[in-house]
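Peer 1: Quick one: structure below, then a few questions.
The values are calculated or read from the model by the stated rules, or taken from the named source; none is laboratory data. Not measured: the values here are computed from a predicted model. Every residue, glycine as well, gets a Cβ built from its backbone with ideal geometry; the counts of neighbours run over all protein chains shown. Heads up: the accessible areas ignore ligands, DNA and RNA and are worked out on the full protein's heavy atoms, side chains in. Shrake-Rupley method; radii C 1.70, N 1.55, O 1.52, S 1.80 Å.
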Amino acid sequence: MPAIEDSGVVVLGWWVSMFTTRVRIALAEKGISYEYIEEDIPNKSPLLLKHNPIYKKVPVLIHKGKPICESLIIVQYIHETWKEGYPLLPSDPFLKSQAAFWADYIDKHIYQVVKLTWDSKGEEMQKRVEEFLGYLKVLERELGEKPYFNGESFGFVDMALICYYSHIIGFGKIGNFSVEKDTPKLFAWATQCMKRESVSMTLADPNKIYELLIEIRKKNGLED
Amino acid sequence: MGKDDVKLMTMWASPFCMRVKVALAEKEIAYEEIQENDLLTCKSDLLLKSNPVHKQVPVLFHDDKPICESTNIITYLDEAFPAKPLFPECAYGRSRARFWADYIDCKVHPAGRAIWSTKEKDEVEAAKNNFLEIMKYLAGTLGDKDYFNGDKFGFVDILLIGLTTWFPAYEKYGDFKLEDHYPKLAAWITRSWARETVSESLTSPEKITNLVIMLRKMHGLE
């Protein structure tokens, strides 16, 4: 009997993972059908361990039996394989390089929101909130007056950042800051992004993310 | 300034600058090199203006437009100058090349630095073992091929080869020889260095090792 992963497109993911969300947004923008398999983290499936033996992490896209790992690499693969439909990346090499630069910046600096919510409190938390807001403000300046980071249309950098939004909202409640008040342009941008079905149908419920963050913080002794 | 005016801002010890120089040589793209000599105390106005976010070399200027981050620069060069491609043709091959590029960028240089930046014996030993564990996966993906890219020297080869100028320093302070653990990987280093594009673009490992000795003295480790 053929293995499930040999037929078409399969995504191994986890509802909490912003990187899984990123890939699912890209697939939705392209109108690509796929089989979604929810991993029971931390009990990782043999399928995940087989197809991502080095990092053992979601998301993994399996296309005709071949695995592609790392979400930004997956999005680029989708862009290069399914050339019709919505363009996920600019065609101009310079604009593409700028998109790649900012996506990399986002993963270097915004990803820390995950660690910040899991392992800090009090004064240390506040110091790191300030640093985190600094990175959001850099992104806000890069956005400028454009509706999207990609210009007039939703693109690679928008996809790279919006997938963090539920976590940023949850972190805001814990770290006592507000995207709406502290980075109003980013708030407007995120509101715009969420009108897209690919985002609204895929982004994790911010309340569920917040509840999970509180649960983890309680386990780590950071909440009463 | 005419069309395809290419400049590269570099610093001699940076393996990330070296890899861009190899890529430019492999693609036979003429360029002007602008050397930053003092990154520790005084970065030039041009660097601060063209890379305001990270303030780091390398920076490539193509018709005065700056592109930053070495892996990003090399990807850009391969698209803007399609002759002599560095990437595999098919989308899956490209995704594998990007995967190993990301692995190399995240792991190799920091792991190597951990070996020489301490004098505690158990920390050095742990750092050495971590470095060798990282090399294990690279040796595994190289396998019996001449190059990571297959028969042709390509993207992943270019990204890793610049970092190998620092390997003799890691071996000196970690007290190991890479060829004892991964002979095929060591053979790949020798094979790659035999290419003129590589030997003329990379700083000599002796010069890098002398820099590491100086840095250790500065931090009271020698």
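Peer 1: What list of ³J(HN,Hα) couplings, whole Hz, do you get for the range A:30-38 from phi and the Karplus terms 6.51, -1.76, 1.60, once you set θ to phi - 60° and write x for glycine and proline?
Peer 2: Per residue, the Karplus-derived 3J(HN,Hα) values read 8, x, 9, 7, 7, 8, 9, 10, 7 Hz.
Peer 1: Would you mind classifying the range A:1-111 by shape? Square roots of the alpha carbon gyration tensor eigenvalues, ordered a ≥ b ≥ c; an a/c under 1.5 is rounded, otherwise it is prolate if a/b is larger than b/c and oblate if not.
Peer 2: oblate
Peer 1: Given a 1.4 Å probe, how much area per residue of the range B:86-199 is accessible, in Å²?
Peer 2: On the way: 5070 Å² over 114 residues.
Using a 1.4 Å probe on heavy atoms only, each residue of the range B:86-199 averages 44 Å².
Peer 1: Just from its helices, what would the mean residue ellipticity at 222 nm be for chain B, if runs of 4 or more DSSP H residues each count -39500 (n - 2.57) and the sum is divided by every residue, rounded to the nearest 500 deg cm²/dmol?
Peer 2: One gets -17000 deg cm²/dmol as the mean residue ellipticity at 222 nm.
Peer 1: Efficiency by 1/(1 + (r/R0)^6): what FRET value for A:K83 and A:D119, r their Cβ-Cβ distance, R0 = 35 Å, to the nearest 0.05?
Peer 2: Values: r = 43 Å, r/R0 = 1.22.
So, using R0 = 35 Å, E works out to roughly 0.25.
Peer 1: Moving on to the next point. In Å², rounded to the nearest 100, what is the total accessible surface buried by chains A and B against each other with a 1.4 Å probe?
Peer 2: Chains A and B together bury roughly 2100 Å² of accessible area.
Peer 1: Rounded, prolate or oblate, given the Cα gyration tensor of the protein assembly as shown, with a/c below 1.5 counting as rounded?
Peer 2: Cα axes put the protein assembly as shown in the rounded bin.
Peer 1: Related question: Along the Cα→Cβ direction, 7 angstrom out, place labels at B:D64 and B:E33. What is the inter-label distance in nm?
Peer 2: Modelled inter-label distance: 2.6 nm.
Peer 1: Over the range B:15-121, what relative contact order in percent results from Cα pairs under 8 Å that are six or more residues apart?
Peer 2: Reported relative contact order: 21 percent.
Peer 1: Return the whole-Å distance between the Cα centroid of the range A:175-212 and the Cα centroid of the range B:58-113.
Peer 2: The distance from the Cα centre of the range A:175-212 to that of the range B:58-113 comes to 32 Å.
Peer 1: Run the accessible area of the range A:7-52 with a 1.4 Å probe and give the carbon-and-sulfur part as a rounded percent.
Peer 2: 56 percent
Peer 1: Assign one of three labels to chain B, namely rounded, prolate or oblate, based on the Cα gyration tensor with a ≥ b ≥ c the square roots of its eigenvalues; rounded applies when a/c is under 1.5, prolate when it is not and a/b is larger than b/c, and oblate otherwise.
Peer 2: oblate
Peer 1: Separate question: Using modelled amide H (1.01 Å from N, peptide plane; none on Pro or chain starts), what sits under 5 Å from the amide H of A:E35, excluding residues fewer than 5 places away?
Peer 2: It is A:V9, A:V10, A:V11, by chain and number.
Peer 1: Oh, and also: Could you give me the ³J(HN,Hα) list for the range B:53-59, computed from phi with Karplus coefficients 6.51, -1.76, 1.60 and θ = phi - 60°, whole Hz, x at Gly and Pro?
Peer 2: 6, 9, 6, 10, 8, x, 10
Peer 1: Quick one: putting +1 on the C-beta of Lys and Arg, -1 on the C-beta of Asp and Glu, what dipole do you get for the range B:1-121 around its Cα centre, in Debye to the nearest 20?
Peer 2: 560 debye
Peer 1: Now for a separate question. Which loop-located trypsin sites (Lys or Arg not before Pro) does the range B:1-102 contain, where loop means any DSSP state but H, G, I, E or B and the Cβ has at most 11 other Cβ atoms within 10 Å?
Peer 2: Of the trypsin sites (Lys or Arg not before Pro), the ones in loops of the range B:1-102 whose Cβ has at most 11 other Cβ atoms within 10 Å are B:K3.
Peer 1: Taking loop as defined by DSSP and a crowding limit of 14 other beta carbons within 10 Å, which trypsin sites (Lys or Arg not before Pro) in the range A:24-87 fit?
Peer 2: Loop-located and lightly packed - A:K56, A:K64, A:K83.
Peer 1: Take the Cβ-Cβ distance between B:Y137 and B:H181 as r, set R0 to 22 Å, and report the resulting FRET efficiency rounded to the nearest 0.05.
Peer 2: It comes to 0.95.
Peer 1: Assuming R0 = 35 Å, what is the FRET efficiency of A:K44 and B:K172, from their Cβ-Cβ distance, to the nearest 0.05?
Peer 2: Rounded to the nearest 0.05, the efficiency is 0.35.
Peer 1: Next question, about the same structure. Which percent of the accessible heavy-atom area of the range A:82-224 goes to carbon and sulfur, probe 1.4 angstrom?
Peer 2: For the range A:82-224, the apolar C and S fraction of the accessible surface comes to 51 percent.
Peer 1: Let me know the charge dipole size of the range B:90-222 about its Cα centre in debye, to the nearest 20, where only the beta-carbon of Lys, Arg (+1) and Asp, Glu (-1) is charged.
Peer 2: 240 debye
Peer 1: If exposed GluC sites (Glu not before Pro) are those in a DSSP loop with at most 13 other Cβ within 10 Å, what is the longest stretch of chain A that has none?
Peer 2: Of all site-free stretches, the longest is A:1-83.
Peer 1: Could you pull out the pairs from A:K96/B:K65; A:K146/B:K65; A:K137/A:K219; B:K107/B:K177 whose alpha carbons sit more than 22 Å apart here? Could the numbers behind the result be given before it?
Peer 2: On the way: A:K96/B:K65 13 Å; A:K146/B:K65 20 Å; A:K137/A:K219 32 Å; B:K107/B:K177 19 Å.
Check vs 22 Å cut-off fails for A:K137/A:K219.
Peer 1: For chain A, what is the calculated [θ] at 222 nm in deg cm²/dmol (nearest 500), taking -39500 (n - 2.57) for each run of four or more DSSP H residues and dividing by its residue count?
Peer 2: About -17000 deg cm²/dmol.
Peer 1: So, one more: Roughly how many debye, to the nearest 20, is the charge dipole of the protein assembly as shown about its Cα centre, given +1 on each Lys and Arg Cβ, -1 on each Asp and Glu Cβ, and no other charges? Before the final figure, lay out each step's value.
Peer 2: Working: 57 positive and 65 negative charges, 84 e Å.
My answer is approximately 400 debye.
Peer 1: Let me have the relative contact order for chain A, percent, based on Cα pairs under 8 Å that are six or more residues apart. Walk me through the numbers on the way to the answer.
Peer 2: Values: 263 pairs, mean separation 48.0, N = 224.
Relative contact order of chain A: 21 percent.
Peer 1: For the range B:1-137, give the share of DSSP beta bridges that are antiparallel, in percent and rounded to the nearest 5; count only bridges with both residues there.
Peer 2: Rounded to the nearest five, the antiparallel share is 65 percent.
Peer 1: Against the globular-protein guess of 2.2 N^0.38 Å, express the Cα radius of gyration of chain A as a ratio, rounded to two decimals.
Peer 2: Working: Rg = 17.7 Å, N = 224, 2.2 N^0.38 = 17.2 Å.
Cα-based Rg divided by the globular estimate yields 1.03.
Peer 1: Along the Cα→Cβ direction, 7 angstrom out, place labels at B:D151 and A:K108. What is the inter-label distance in nm?
Peer 2: 3.8 nm
Peer 1: While we're here: So what are the ³J(HN,Hα) numbers for the range B:82-94, from phi and the Karplus equation (6.51, -1.76, 1.60; θ = phi - 60°), rounded to whole Hz, Gly and Pro as x?
Peer 2: Listing the rounded values in order: x, 5, 6, x, 9, 8, x, 6, 7, 4, 5, x, 5 Hz.
Peer 1: Kindly sort A:Y135, A:Y210, A:Y105 by accessible area of their heavy atoms, largest first, with the probe set to 1.4 Å.
Peer 2: Ranked list, largest accessible area first: A:Y210, A:Y135, A:Y105.
Peer 1: Mind giving me the nanometre distance, one decimal, between the label points for A:I54 and B:D5, set 7 Å out from Cα along Cα→Cβ?
Peer 2: Placing both labels 7 Å along Cα→Cβ, they lie 4.0 nm apart.
Peer 1: By DSSP, what percent of the beta bridges with both residues in chain A are antiparallel, rounded to the nearest 5? Please report the intermediate quantities before stating the final value.
Peer 2: Details: 10 of 14 bridges.
For chain A, the DSSP antiparallel bridge percentage is about 70.
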